[in-house]
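Since the structure comes first, as structure tokens, the remarks are kept for the end.
The values are calculated or read from the model by the stated rules, or taken from the named source; none is laboratory data. Note that the structure is a prediction, hence the values are computed from the model and not measured. Positions of Cβ are generated from backbone atoms using ideal geometry, with glycine treated the same way; all protein chains shown enter the neighbour counts. In case anyone asks, the SASA skips ligands and DNA or RNA and just uses the protein heavy atoms, side chains included. Shrake-Rupley method; radii C 1.70, N 1.55, O 1.52, S 1.80 Å.
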Amino acid sequence: MNRSVTTFGELSVRYEGEVEPADPGGSAPRRLLALLVSGANASLRVDALIDALWAGRPPRAARKNLQVYVSRLRRLLGDRLTRAHGGYRLRTAADDGDLLRFEQLARDGRRRSREGDPEAAVELLARALELWRERPLAECDDAATPAPARERLQELFLASLEEWADLEAARDGHRRVLDRLQDHVPANLLRERLAAAWIGSLAATGRESEALAHFEAVRRSLARELGVTPGPALTVVHRRLTQRAATPPLRRPGPGNQLPRDLPDFVGRRPEIRDALAHFGAAAAGGSQPRTAAEGAAGGGVMVVSGPVGVGKTAFAVHVGHRLGASFPDGLVMAELGNRPLSGVLRGLLDTVGLPGERGTAQALARWRTWVSERRLLLVLDDAVSGQVARALLPRSGASGTIVTSRYRLSGLEAVARIELPALAEAESTELLGRVIGAERVAADPAAARAVACCCEGLPLALRVAGAKLDALRHVRLADFAARVRAAASPLDEMASGELVLRERYEVFWRDLTEPQRSAYRAVVARRPPYSHEQVAAQAEELLECCLLTPPGAGPRGGAVSYGMSRFAHAFGRERLGAEPYRGPRGGPAS
């Protein structure tokens with residue numbers, strides 16, 4: 001049966017491709033196995049083994065115990081463990097264990113480097129380094145004999161790591177150098193070649209300040225521990241770094257306009273656009289006074305645009321972003337948040353602006369914040385489900401601005417300007433419908449066009465779905481289509497055309513709701529809107545936060561107030577209850 005020994009991390013024996021722990025029956029036999037592996041193919045004298053196993057204080061029955069341990073190991077290793085010259089020898093080849101395989105690959109790689117074959121060398125060294133997962137022979141930390149073996153292996157590993165880093169950096173693999181060296185550099189400050197490779201790759205990836213800081217840490221360690229100054233290799237790297245720092249760097253151009261196209265048939269939103277342009281225009285100019293009455297005390301270049309499903313938050317943010325292009329010369333960048341983790345969003349942002357990524361989220365976030373603080377950039381964070389990820393990405397300083405869109409109010413985001421998008425007015429809805437299906441078709445039957453717009457409740461997404469269907473069904477009269485929508489079992493049934501499906505947007509919305517919000521939603525849709533304050537008092541806060549309820553207007557003092565709900569939102573909620581959707585009076589809107 002084929003066997004091989006794994007020594008990196010937990011000591012184990014592999015039988016015909018399957019890894020299982022080597023369990024010869026106790027810690028002493030395991031240490032004996034590690035000792036034999038560390039001296040593979042050499043004869044280890046019995047006295048030396050006994051001394052190492054019992055740290056110089058063996059019991060009287062040490063030789064007999066050693067024989068018992070050897071017997072147990074032979075059951076694992078077979079005839080590879082033999083008696084030789086007053087001791088024992090474990091016969092192994094490179095294919096029989098990771099330790100010998102590591103040593104052979106490392107030596108072959110360094111030899112190829114000396115022979116002038118860098119491509120083969122870097123491949124062999126990389127394969128060797130991949131084997132080095134955890135410290136080898138960890139089972140023998142308290143044994144005296146393998147200490148030189150461990151030190152020899154550690155030195156071979158570090159020398160191979162340095163050789164590989166130099167070769168990889170020579171072919172511009174600085175990111176890979178940083179990824180592989182980052183776990184070893186802090187513990188080996190006195191290794192100047194390793195420090196030089198690390199500093200060079202930091203500088204090559206635009207991290208000059210970190211490179212200078214590491215050089216200073218190495219210089220202090222050398223002076224304190226060894227009483228010496230940095231050697232030639234490290235001095236050359238430092239000189240290049242300081243020369244580069246003395247030369248004003250060419251500023252890397254921004255990413256440009258990365259926003260989606262501005263919809264040419266965008267309609268309405270004039271008051272909201274005016275407020276947004278005033279807010280960011282003043283922020284970009286460094287203004288400190290309140291910009292509009294809507295903003296009040298909200299400061300900084302951050303604006304939250306909220307509203308219900310389908311109200312056009314993303315289209316509004318993109319439209320405003322394009323209008324603000326001249327105020328943000330370093331670029332317009334958009335990131336979709338949704339339920340994505342911060343690490344995934346950061347990877348996309350760093351890639352968009354041309355920065356190398358980082359292994360850890362904290363490092364990536366620090367790099368993003370440093371970069372954006374030095375620029376005037378407009379960041380659009382689209383479809384935020386909670387304020388946590390959006391808050392982390394907000395610029396901490398500088399002249400950049402941020403628009404956050406969300407189906408939620410994101411009340412936890414403090415000190416921001418807010419715009420809550422309402423449904424389009426009837427005239428705006430009819431105008432948008434005409435831009436999709438043709439103004440002449442609307443002009444031919446304006447009353448029917450208004451009826452279609454009324455069925456869509458002023459939601460741009462619903463209007464675009466209806467327009468797409470009518471554009472495809474040129475033979476269908478607008479009045480007949482409006483009647484068909486009103487007669488549908490659910491108003492959502494007709495709101496689907498190609499990839500535009502309103503019900504799917506509500507399903508995504510439902511998945512993102514918290515359980516308290518779902519419970520409140522279910523409780524409210526059991527009744528028909530509009531709702532009195534008494535009917536929804538227990539659920540109002542939850543549903544206003546996720547833009548499901550339309551808040552009452554500023555009516556007469558002491559007068560009755562009522563909350564509305566979109567007919568589409570009500571129908572979807574009723575579907576979640578398994579009840580018939582409410583179509584509103586005479587098939588009209590429910591709010």
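At a glance:
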{"quantity": "Strands (runs of 3 or more DSSP E) contained in the range 317-411 and holding at least 3 residues among the aliphatic types (A, V, I, L, M)", "calculated": "331-338, 378-384"}
{"quantity": "The listed residue being open to solvent by less than 50 Å² (accessible area, probe 1.4 Å), touching a residue at least 24 places away in the same chain (Cβ under 8 Å) and in contact with a Leu (Cβ under 8 Å, 6 or more places away or on another chain), out of Leu100, Leu124, Leu129", "calculated": "Leu129"}
{"quantity": "Exclusive hit being modelled with pLDDT of 90 or more, touching a Ser or Thr at 6+ places or on another chain (Cβ under 9 Å) and of a type in the set (D, E, K, R), set Arg369, Arg407", "calculated": "Arg407"}
{"quantity": "Odd one out for Leu424, checked against (1) closer than 30 Å to Arg207 by Cα; (2) aliphatic (A, V, I, L, M); (3) in contact (Cβ under 8 Å) with a residue 40 or more places away in the chain", "calculated": "(1)"}
{"quantity": "Restricting the range 222-234 to residues that are open to solvent by 30 Å² or more (accessible area, probe 1.4 Å) and in contact with a helix residue (DSSP H, G or I) (Cβ under 6 Å, 6 or more places away or on another chain), the residue that is farthest from Leu194 (Cα to Cα)", "calculated": "Val228"}
{"quantity": "Ala204 in contact with a His (Cβ under 9 Å, 6 or more places away or on another chain) and farther than 24 Å from Glu103 by Cβ", "calculated": "yes"}
{"quantity": "Identity of the residue in the range 76-87, within 17 Å of Ser12 (Cβ to Cβ) and at pLDDT 80 or above, that ends up surrounded by the most Cβ atoms within 10 Å (Cβ to Cβ)", "calculated": "Leu81"}
{"quantity": "Test: residue in the range 415-431 that is in a loop (DSSP other than H, G, I, E, B) and farther than 30 Å from Leu478 by Cβ", "calculated": "yes"}
{"quantity": "Residue check, Ala427 open to solvent by 60 Å² or more (accessible area, probe 1.4 Å) and over 19 Å from Gly310 (Cα atoms)", "calculated": "no"}
{"quantity": "Residues located in the range 108-121, provided they are within 15 Å of Phe157 (Cα to Cα) and free of Cβ contacts under 8 Å to residues at least 24 places away in the same chain", "calculated": "Asp108, Arg111"}
{"quantity": "Residues (of a type in the set (D, E, K, R) and open to solvent by less than 10 Å² (accessible area, probe 1.4 Å)) located in the range 437-469", "calculated": "none"}
{"quantity": "Filter result (in contact (Cβ under 8 Å) with a residue 24 or more places away in the chain and small (Gly, Ala, Ser)) within the range 160-193", "calculated": "Ser160, Ala165, Ala169, Ala170"}
{"quantity": "Count - residues of the range 365-422 that are within 23 Å of Arg323 (Cβ to Cβ), open to solvent by 60 Å² or more (accessible area, probe 1.4 Å) and basic (Lys, Arg)", "calculated": "2"}
{"quantity": "Set Tyr15, Tyr69: member being at pLDDT below 80, hydroxyl-bearing (Ser, Thr, Tyr), more than 20 Å from Arg133 (Cα to Cα) and open to solvent by 30 Å² or more (accessible area, probe 1.4 Å)", "calculated": "Tyr15"}
{"quantity": "Search result, residues across the range 222-242 that are assigned to a helix (DSSP H, G or I) and aliphatic (A, V, I, L, M)", "calculated": "Leu222, Ala223, Leu226, Ala233, Leu234, Val236, Val237, Leu241"}
{"quantity": "Set Pro556, Pro551, Pro491: member being over 42 Å from the mean Cα position of the chain (by Cα) and either more than 29 Å from Val304 (Cβ to Cβ) or at pLDDT below 90 (or both)", "calculated": "Pro556"}
{"quantity": "Residue within the range 324-345 that is surrounded by fewer than 20 Cβ atoms within 10 Å (Cβ to Cβ), under 21 Å from Leu263 (Cβ atoms) and without any contact (Cβ under 8 Å) to a residue 12 or more places away in the chain present", "calculated": "yes"}
{"quantity": "Filter result (part of a helix (DSSP H, G or I), open to solvent by less than 40 Å² (accessible area, probe 1.4 Å) and among the hydroxyl-bearing types (Ser, Thr, Tyr)) within the range 168-221", "calculated": "Ser201, Ser221"}
{"quantity": "Set Val436, Val380, Val442: member being aliphatic (A, V, I, L, M) and closer than 22 Å to Cys546 by Cα", "calculated": "Val380"}
